1. Tell me which residues, restricted to segment B:130-168, are in contact with a Phe, Trp or Tyr (Cβ under 9 Å, 6 or more places away or on another chain) and more than 14 Å from every other protein chain (Cβ to nearest Cβ).
2. For segment A:233-261, enumerate the residues that are in contact (Cβ under 8 Å) with a residue 60 or more places away in the chain and among the hydrophobic types (A, V, I, L, M, F, W, C).
3. Is segment B:139-159 home to any residue that is among the hydrophobic types (A, V, I, L, M, F, W, C), within 16 Å of ligand 2 (Cβ to nearest atom) and assigned by TED's automatic domain parsing to the domain that holds B:V40?
4. Could you check segment B:1-96 for strands (runs of 3 or more DSSP E) lying wholly inside it with 3 or more residues that are within 14 Å of chain A (Cβ to nearest Cβ)?
5. Report yes if some residue within segment B:44-57 is surrounded by fewer than 23 Cβ atoms within 10 Å (Cβ to Cβ) and among the basic types (K, R); otherwise report no.
6. Filter segment B:191-216 for residues that are free of Cβ contacts under 8 Å to residues at least 12 places away in the same chain, within 12 Å of chain A (Cβ to nearest Cβ) and surrounded by fewer than 22 Cβ atoms within 10 Å (Cβ to Cβ) and give the result.
7. Of the residues A:L267, A:L229, A:L275, which is surrounded by fewer than 21 Cβ atoms within 10 Å (Cβ to Cβ) and away from ligand 2 (no atom under 16 Å from the Cβ)?
Amino acid sequence: MSQTNTASNGTPSSQDSITEVKPLIEVRNLKKHFPIRRGVLQRQVGAVQAVDGVSFNIIKGETLGLVGESGCGKSTTGRTILQLLSPTDGDVYLNGHSLTEMGRSELRKQRRRMQMIFQDPYSSLNPRMTVGNIIGEPLLIHNIGNAASRRERVQELLKLVGLNPYFINRYPHEFSGGQRQRIGVARALATNPSFIVADEPISALDVSIQAQVVNLLDDLKSELELTYLFIAHDLSMVRYISDRVAVMYLGRIVELSERDEVYDHPLHPYTQALLSAIPIPDPFKEEKRQRIILEGDVPSPANPPTGCRFHPRCGYATDVCRVEDPEFRNLGTENKPHMAACHHAEKFV
Amino acid sequence: MTHLLEVRNLETRFFTEEGIVHAVNGITYTLNEGESLGIVGESGSGKSVGVLSVMGLIPNPPGRVTAGEVIYGGRDLLKLTPSEMRRVRGHEIAMVFQDPMTSLNPVLTIGRQMTEAMELHLSIDHETAMKRAAELLSMVGLPNAADRLNDYPHQFSGGQRQRVGIAMALSCNPSILIADEPTTALDVTIQAQIVDLVKRLKEKIGMAVIWITHDLGVVASLVEKVAVMYSGFIVETAPVHELYQNTSHPYTLGLLESLPKVDAKTKQRLIPIQGLPPDLLKEPRHCPFAPRCRYAVDQCWEENPSLKPVAPEHYSACWRWENARQDARQRMMTIGEVA
Ligand SMILES: Nc1ncnc2c1ncn2[C@@H]1O[C@H](COP(=O)(O)OP(=O)(O)OP(=O)(O)O)[C@@H](O)[C@H]1O
Ligand SMILES: Nc1ncnc2c1ncn2[C@@H]1O[C@H](COP(=O)(O)OP(=O)(O)OP(=O)(O)O)[C@@H](O)[C@H]1O
Ligand code: SF4
Ligand SMILES: [Mg+2]
Ligand SMILES: [Mg+2]
C-alpha cells in the first residue's frame, strides 16, 4: 500500500506543511455489517451492510457534515468511528493511532477525547437522574476529579451551554426539548473532548428551537476548538454548519468535497436529487426551480443493488452502472478535491 | 361568494386532570373549491386538533369542541349526527393522518380496506372497486400495485404506507383532502415525491387541500395560502407570496429568521426565537406570543390582539405588526433578496 494518499480521501493535501496534513480522524475502508439471523438455531442468513467501506479524514477544527436518507448508515458510521460498535472491517485513527488495534485500557483513555451527542433529547437522558449526575457521569466513569471538583465542573458546563447552574438538581422532564439537548451537549463536553459526533442533534426539535442549538454548537466549536462530525438529514442546516460535506447512500459515501462545491456543483446524481428536493422556504424561488423526482424506494441494505447502488433510481444509469461498482475518485484538483463515485460524473463537471 | 368550507370561531378544549387545555382558541378560515391552504406552527400549536375538530374526530372525553361552526355544503358539520358525519368523512372530506398506521387496520389487507370504503360510498361492486384500488395505488407510485392489494400494512415501508394512506383518502373522490404532516417521517426525496403527487392530483381532479406542516419550505412549494398558528390561535394568514414578502407577525418573522438560507453564500447567524412554548393550561388573556416577543409592549400584555386586515387577504393578530413588517422587509433586503 502506498503512503496514505490524503487527496484520495477528499482532504486537501499539502505535502510541505506537516502540521496541516495530519488529520484528527482518519477513517479507512470502514465496514459495519449486522448479521441477520433466522430460525430456532439463529443461523445467520445474511447481513445488513449498514456501512460498507467508507474512507474519509476529518481535519482538526473542521466540521464534516454527513447527510443521506434514513437508513443509509449515518449513525452506524458515527458509532463505529467512536468504537461504540466494533467495526466488521477497516480502521479508524485518532491523531494517527489506530483505535481498532488499541488495547482496552488505552481505548478507554482515548474515549475521553471523543464524545457523542444523540439524536433524541427525550430518550437519551436518564429520567431518574438529576441533570448534575447526567452531565457529571462521564467524569465519574473516567475517574476525573473528586465530588466537589466534579460539581464545580458541571456548573461550569451548565453555564457554557447557556443553562442556569442553579438547575443542577433538577430532572430532565423539567426541561424543554431545546434545553434537554443543551444538557446532552454539556454532558458530551464534560471530559474536554476534541472530537464530537453530533448525531442529528436538532432533528427532534421545533424549528423555533433548532437555531438555538445550532448557534450553541457553532460557538462552542470556536471557543473550545472542537472538531465535529455533524450528522443530519436537513440539508440546509448541514450547509450552514459544515466546512466539508459527505453524502452517503446505502452504506457508501458517494460524494465528498467542500461545502459550497457540493451544494453548487454536485457531481453525483443522488446528491443532485437530494439537493433539488430541499424545500426552500420561499415561494418565489420554489416556482422557478426544477425538481428531480426520484422513482422508487430506497433499496434494502441487506440486499444492495449490483454495480452502482444508486442505479435503480438513477436517471443517468447505463449498462456499466448495472454491473460495475464505480470508484470513489477525485474529479476536482489536488488542492480542492471533489470526490464522487459515479461512472458518469465527468458529465457534470 | 360562498366558500367550499368555512370554519368560524372554532374552539376546542381538553378537560384533563391537570386542568383545561386550551388547544384551539377560536380559529376562523375559509377554503374555496380547488384551493390549497397550509397550516404551519410549532409542535402543540393546535394544528392537528384544529382539523380533527372539523372532521368530528376529537376524543370525547377528554376533548370537546366548545364553540364555533364548520360550514360545508350549507350545513354545520358540528351539528351532524355521528352517522351523518361518517358519510362526510371519507366521501367528501378525507384525511391523511400524521401516523399512517392510524388509518390502516393491521389485520386487513390493503385491498380489503380500500374496497370497503368505495363499495359503501360509491356503490360500486367489488370487482370494480378492486380495479380502482389498483389504479389508485399505481397513481401514488406504488410498484406492482395490483399484486400488492393482498398485502398487509406491515409489509410496506413507511413511505409506502403513507402513499397507501393517500390512495385510500383519494379513493372516494373527496372534494377536500386534509393531510396532517404526511411527510415528516419521510426522507427528503420521498417527501418530494409525495408533495409532487398531491400537487398533480390537485390539478387533475380539482380537489381542495389543507396541508398541515411545521416546514415552511413545504408550504412554500405546495400551497396558495397559509395560516400560521401559535398557541391555538391563527396569528397570521395570507396568500403564500404575500406572507413571505410582507411578513406581518413577529412569530412568522421569527420562524423565517431561525432557518438558514439554502443558498446563502455568506454565513448569516441564525436568530432563534427565545423562550419556551406557551402553557396551554392557562387561559389566554394577553397576546400568547408576548413572553417570547421582542416587539412586546404593555398593550400586548393587557389585551390579546385579534386578527385584523393588514393588506388585501392578509390578516395579522399583532398590535405591532407594522414594526414587524418593517423589519421583515429590511431582512429581505439585507439577505440580498434580489427579485
Ligand atoms: N443494531 C442493529 N442491528 C441490525 N441492523 C441495524 C442495527 N443498527 C442499524 N441497523 C440497520 O443498519 C442500517 C443503517 O442504520 P443507521 O441507523 O446507521 O441509519 P441512519 O443513516 O442513521 O438512519 P436515520 O437517518 O434514520 O437515523 C439500517 O438499515 C438499519 O436498519
Ligand atoms: N387527547 C388529548 N388530551 C389532552 N390534551 C390534548 C389531547 N390531544 C391534544 N392535546 C393537546 O392539545 C394541544 C394541541 O395539540 P395538537 O396535536 O393540535 O398540536 P399540533 O400543532 O398538531 O402539534 P404537532 O406539530 O406536534 O403535531 C397540545 O397541547 C396537546 O397536548
Ligand atoms: S401583539 Fe405584541 S406581543 Fe403579540 S406579537 Fe405583536 S408585538 Fe408581539
Ligand atoms: Mg441515524
Ligand atoms: Mg399534529
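The values are calculated or read from the model by the stated rules, or taken from the named source; none is laboratory data. Keep in mind that this is a model prediction, so the values were computed, not measured. Here Cβ is always computed from backbone atoms with ideal geometry, including for glycine, and neighbour counts include all displayed protein chains.
1. Within segment B:130-168, B:G165 is the sole residue that qualifies.
2. A:L235, A:V238, A:I241, A:V245, A:A246, A:V247, A:M248, A:L250, A:I253, A:V254, A:L256 - these are the residues of segment A:233-261 that are in contact (Cβ under 8 Å) with a residue 60 or more places away in the chain and among the hydrophobic types (A, V, I, L, M, F, W, C).
3. Step one: filter segment B:139-159 for residues among the hydrophobic types (A, V, I, L, M, F, W, C), giving B:139-140, B:142, B:145-146, B:149, B:156.
This time we only want the ones that are within 16 Å of ligand 2 (Cβ to nearest atom), so: none.
For segment B:139-159, residues among the hydrophobic types (A, V, I, L, M, F, W, C), within 16 Å of ligand 2 (Cβ to nearest atom) and assigned by TED's automatic domain parsing to the domain that holds B:V40: absent.
4. Working: elements: B:5-16, B:19-31, B:36-40, B:63-72, B:93-96.
Strands (runs of 3 or more DSSP E) meeting the threshold: B:36-40.
5. no
6. Pass one, segment B:191-216, residues free of Cβ contacts under 8 Å to residues at least 12 places away in the same chain: B:192, B:196, B:200, B:203-204.
Those still in the list that are within 12 Å of chain A (Cβ to nearest Cβ) too: B:192, B:196, B:200.
Hits for segment B:191-216 are B:D196, B:R200.
7. Details: A:L267 fails: surrounded by fewer than 21 Cβ atoms within 10 Å (Cβ to Cβ); A:L229 fails: surrounded by fewer than 21 Cβ atoms within 10 Å (Cβ to Cβ).
Only one candidate passes the filter, namely A:L275.
A quick yes/no check of all residues on (1) acidic (D, E); (2) at pLDDT 95 or above; (3) touching a strand residue (DSSP E or B) at 6+ places or on another chain (Cβ under 9 Å):
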residue	(1), (2), (3)
A:R244	no, yes, yes
A:D282	yes, no, no
A:Q290	no, no, no
A:I293	no, no, no
A:T318	no, yes, no
A:L331	no, yes, yes
